[in-house]
Each structure stands twice: as C-alpha cells, then as structure tokens.
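Please read the structure below before turning to the comments.
The values are calculated or read from the model by the stated rules, or taken from the named source; none is laboratory data. In this text, all values refer to a predicted model and were calculated from it rather than measured experimentally. We place every Cβ from the backbone using ideal geometry, glycine too, and count neighbours over all the protein chains shown.
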Amino acid sequence: MTPNTQVSIRLYWASVAPTAILAVLCVFLRIDQTDFALAVVGGFLLILGLDQTAVLAMSGRPRGWAGWWVGQSVTALAGGVFAAVFANSASLALLGWVIVVWSVLAGGSSLLRGLRMAPTEPVRRDWITLGLMTLLLAGAVALVPANVVWTMGLVGAWASIVTVFSVIAALSARSARVGETEGQED
C-alpha cells in the first residue's frame, strides 16, 4: 500500500465522527437560530481541522500533503474560530460566508489532491469525488436564498453523504490493500 493510501484511510476515518455528528445535528434538529447554526458549524470546523492535523502529524508529516493541509485543515480551523467568536452576532451572511469559503478551499484542495495522485492510486477517485461534493455544497449554499433552515439543511445533507462516502472509501481502500497482498508470502 502506498503512503498516499495509508494517509487517506486515516483521514477518511478521522472525518467520519465530526461529519456524522454534524449530520445528526442538522438532520434531526431543526436549526432555525443563526447563532446556534454558527456555533454548530464553528464547532464542526474546529474538530475537523484538529482531527486532520493530528492525523497528518501522527503520520510523520507525509510529503505532498502540505497544500491539502492548508486548504482543508487550516481553513477549517480558521473558519471554526471565526464562526465561534462571532456566533453571538447571529449573522446569516457570516454563516453563509464561512460555509462557502471553507467549502471552496476544502473542496478545491481535495479535488487537486486527487488529480495529483497517480492514476493507479486506489483512493484517487475518492478524493476527486469528495472535492466535487464539497464544491457542490459551496455552490448550493451560495445559490439558495439566505435562510438558516435551508442552509443548515444543505449542510446536513452534505454531511450525511460525506459520512457514508468516507466510510465506504476507507473500507474499499483497505480491501484494495488486502487484495494487493493476497498470494504473497511473508
């Protein structure tokens, strides 16, 4: 298994818990207060950024992941802090801005990460798909009329899809690894 695949599997699993919690909060709670929505999005981004940074640090800061880390984790941390600090403002424009800016940067960095991988990498298509889904979230939030319930509904739908996709991607990359090692003697 290549280092890219190993790091990808760890990152997929690290993102499952925060996105699953975000999905549950957005789908099962009708979030109609902007200050609460900012706190939820800010908390999600902070936890996601910390999880991803920890995975990359524990993986020995692998080569070629610095651009992805800045686009994904650093912007998540910055957006999370910004949303949490200004949650009391209850600004719907701020909520949309934080989601769109993070989604564009995170989606773009994931898309580029996938496109830069070798075509033989088993996780290449997964990164491209995750990037496109996140860019789609940015477009949807930017195009839908400003409404906290709609915005959080879109975020919840995205989080639900990404949670399931991340689990499938991690398991399929792991099974690809097992398939590579079959028939080899130790």
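Taking segment 62-141 as the region of interest, the helices (runs of 4 or more DSSP H) fully inside it that hold 2 or more residues being within 18 Å of residue 51 (Cβ to Cβ) and among the aliphatic types (A, V, I, L, M) are 75-85, 92-116. Restricted to segment 157-171, and to residues that are farther than 14 Å from residue 31 by Cβ and small (Gly, Ala, Ser), which residue is surrounded by the fewest Cβ atoms within 10 Å (Cβ to Cβ)? Checking each candidate, the answer is 160. Let me confirm something: among 16, 7, which residue is assigned to a helix (DSSP H, G or I), under 17 Å from the mean Cα position of the chain (by Cα) and modelled with pLDDT under 90? After applying the criteria, what remains is 7. Checking the condition crowded, with 18+ Cβ neighbours inside 10 Å and out of contact with any Leu (no Cβ under 7 Å at 6 or more places or on another chain), which residue from 5, 75, 34 passes? From the options 5, 75, 34, the qualifying one is 5. The set of residues in segment 142-156 being touching a residue at least 12 places away in the same chain (Cβ under 8 Å), assigned to a helix (DSSP H, G or I) and either aliphatic (A, V, I, L, M) or surrounded by fewer than 18 Cβ atoms within 10 Å (Cβ to Cβ) (or both) consists of 142, 148, 149, 152, 153, 154, 155.
Pairing each residue of segment 1-14 that is free of Cβ contacts under 8 Å to residues at least 40 places away in the same chain and over 10 Å from residue 62 (Cα atoms) with any residue that is in a helix (DSSP H, G or I) and of a type in the set (Ser, Thr, Tyr), provided the two are 6+ apart or on different chains, yields no C-beta distance under 6 Å. Being in contact with a Gly (Cβ under 9 Å, 6 or more places away or on another chain), within 22 Å of residue 156 (Cβ to Cβ), of a type in the set (Ser, Thr, Tyr) and free of Cβ contacts under 8 Å to residues at least 60 places away in the same chain holds for only one residue in 103, 109, and it is 103.
Selection of segment 104-128 for residues being buried (at least 17 other Cβ atoms within 10 Å of the Cβ) and farther than 18 Å from residue 75 by Cα yields 114, 117, 121, 122, 123, 124, 126, 128.
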